[in-house]
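The values are calculated or read from the model by the stated rules, or taken from the named source; none is laboratory data. This is a predicted model, so every value here is computed, not measured. Glycine gets a Cβ as well: all are built from the backbone with ideal geometry, and neighbour counts include every protein chain shown.
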Amino acid sequence: MAVQNFRYAIQKILQAPRRPRSGLRVVAVWCVIVLAFPACRLPPGGLQPSLSNLTLEQLGDSLGAVGDTSWLRAALNHHSRSEPLLAGLIALRLGELGADSDFSEALGRFRSATKKHPSRAEAWYGLGKAQANRAHWEMRNPLRLGSRVGLGGLERAAGYYARALASDPRFVPAALAFANLELALLDTARLKQARDIIRRTMEAAPDPASELLLAWGRIERSAGTPAVAVTAFTRYLASGHNRALGLLELARTRLALGEAAGETPYYEGAALDEPEAIAEYRADLDVIAPDSILAEFDRVTGQSRAAFLHRFWTDRDHFELRSEGERLREHYRRLLYARAHFALTVSRRFYGRLDAYRSGNTEVDDRGVIYIRQGEPAERLRPFVFGIMPNESWRYLRAEGDLLFHFSSGYDRNGGGDLYDYRLVQSVLDLRGADDAPRDQLILSRQSLSPVYSRMLNWGAYGSAKERARERNIGTASIAVGTTTDSHELQFRQRLGAVADLIAVGQSPRGGLGHLVFGISAPGTVWRRGPVGVEYPVRVRLVALDRHDRAVATLDTSLVVRLAKPLTHSEYVVGRVELPLPPGRWTYRAVLEQGDSGGVILPRDTVLVAHTGASTLSLSDVALGSPGRAVRWTTDVGDTVLLAPSALFRERSPLEIYYEVRGATPGTGYRHEIAVLRSIGSRSAERQPLVSLGFEEVAGGRIIRSRRVVRLDQLKRGSYIVEVRVTGPDGKVQARRRLIRLIRGQELGAGS
């Protein structure tokens, strides 16, 4: 019916005299519009009507229901000169239907409208729409070459929208189109000016539409004023338009500001099954989550979706040994920063066969990809070397090995893209233009990142070639890790030297008991005077993880190691904390902190917790210690056991060994064998023992608690493996190993 009414209205216009007086012509147009759209009424100012904002939008929407191009073409020809604004709307529809694919006719009609009515906001708004459609056509056209195809047209369209708002700041359609287009351009240099224009619209509109509040908030946040964006999104929420989207936008902004208050709206909005908002949640997750996580996100709904997201972010908090909510807040801070500093202001990305990484991201360049996943680098270089395209190198400090990234803009015969598109390369020698640059200056500019660059520069031909290959391997491995994982690893201004072991021996209400025994090297530590002697405060964070990196147990505690006097340069602060653990094999991560700025993240390791109360034999970890140089642990039956880190045993000192055998049959004899073997690798040893001890022991109950002392008088400094083997009456053997290192004699500061 709407289409029939519209056709009838246009036919009336076509039948009107060709050159009526202008006032009568406008009245005629208004009459036929009212015939076509009963909801439209004359403005309350008498018979001086024009195409109002509301009417223009309604007319454009109704044209969307017309698909007869021949009929539209006839209407266009009839109104090309007399009503260029109406002709422009008809031409826009023809372009949408493919009858004018490059929107050249719409551009021409609206240009005529702006000349005829230069103060009419509608004319400039229509010209902006036509120009934006033309730009999108250029982007789709494969015959147009370049990496910024269509962006100039979009910038001109934004200028036309701004001209419309200059004519009428209350013209909401232009304000919405302008804000959304400026956001899509990703040009941070333009956003502040765009924000000021939208603010004038907000001042001119005492009761703005909800869509305008949403656009205003997004512009404010992207332009660097997130506090104002919070106000905009709060007003948008109060409008009741799209609660889920409003909650997400408010959460995004508060979280980016580091506010814990953003967590509640984030999870509340995730529980609402609103398609537009859920798509936005997924897009925020997509930049770091693997396909398996996204597939699971797609399967859950309602409160289950909120619970899924909470578990996703909390698992990362536990893995990074942080408080709950930190990783979520950091994620949105990174998103906001990356979009402001690493925006991809190109419309196309071309890749060569030698490009090291192909992100496919259309919003940020490769610097942004790494920043969103890995955060702020510990060191960031932007050196100038003659002949080299603009480039950067980043280094991240990681417990398992530092990451090193090189980014280059521009292109050469090996690949690359645009000057506005920084891309990852495997080696500093792959930077665009490196083949034509002074190699010694190029390598010298990266010396602070790694010792490998000094060796590349100063070693002989063979050594330099070997180091070049090593540097490339580091870059390749860093790209593989950096683009597939995400991290929020703790950072410390003062990096402490430390060693530690998680030893699973003893029993807890959860089944097993883990002891993190650590030693912190004295340099860099802080101490205070105590009632007697001195005190070394230490904070310990510890998490045990399953194979999915989900926490099975966590600990965040502080202890004080009390000593008679401050440690010397070569001594260690030794301490112990307990963590109840369920039976099984777990990986663990730990952090030791001292003072306000000192700390160290220990490399990830594994621990095996023996089953308790099992019908079959199970052997605990091997606890090792030396009298006077270890911390003490009292077992559940009151025995005192010495525990020390594996790397801190003194040369030629006696070694006290303790372990537990569970699942024994009372009254049955078991064969015990203890051996010390020379280590030939981190997990292997020579089979001929340097020290050995064997004995038979009859079980007095279900648990055998065994303590022995082994003399190491004949062993020199170095690495060794202590092996314990227990054989049951059925001939089955339970065995455990522990790697230890004997060091030069020194006193250790041990605390309980």
Right, residue 373: assigned to a helix (DSSP H, G or I) and surrounded by fewer than 22 Cβ atoms within 10 Å (Cβ to Cβ) or not?
yes
Can residue 585 be described as part of a strand (DSSP E or B), touching a residue at least 40 places away in the same chain (Cβ under 8 Å) and among the charged types (D, E, K, R)?
no
Looking at this structure, is residue 333 touching a Leu at 6+ places or on another chain (Cβ under 6 Å) and within 30 Å of residue 557 (Cα to Cα)?
no
Can you confirm whether residue 484 is β-branched (Val, Ile, Thr) and within 19 Å of the chain's Cα centre (by Cα)?
yes
For the range 430-442, how many residues are in a helix (DSSP H, G or I) and either farther than 28 Å from residue 359 by Cα or at pLDDT 95 or above (or both)?
3
Considering 744, 717, 652, which residue is within 30 Å of residue 536 (Cβ to Cβ), in contact with an Asp or Glu (Cβ under 7 Å, 6 or more places away or on another chain) and loosely packed, with under 12 Cβ neighbours inside 10 Å?
744
Mind telling me which of the residues 140, 73, 134 ends up being modelled with pLDDT of 95 or more and either hydrophobic (A, V, I, L, M, F, W, C) or out of contact with any Lys or Arg (no Cβ under 7 Å at 6 or more places or on another chain) (or both)?
134
Residues in the range 673-685: is at least one without any contact (Cβ under 8 Å) to a residue 60 or more places away in the chain and of a type in the set (Ser, Thr, Tyr)?
yes
For a quick check of your reading: which helices (runs of 4 or more DSSP H) sit entirely within the range 245-318 and have at least 3 residues that are closer than 26 Å to residue 210 by Cα?
263-270, 275-286
Residues satisfying the stated conditions in the range 557-569, i.e. surrounded by 14 or more Cβ atoms within 10 Å (Cβ to Cβ) and of a type outside the set (A, V, I, L, M):
562, 566
How many residues does the range 119-156 hold that are within 36 Å of the chain's Cα centre (by Cα), over 12 Å from residue 92 (Cα atoms) and assigned to a helix (DSSP H, G or I)?
12
The correct count of residues that are farther than 26 Å from residue 565 by Cβ and in a loop (DSSP other than H, G, I, E, B) in the range 493-534 is 8
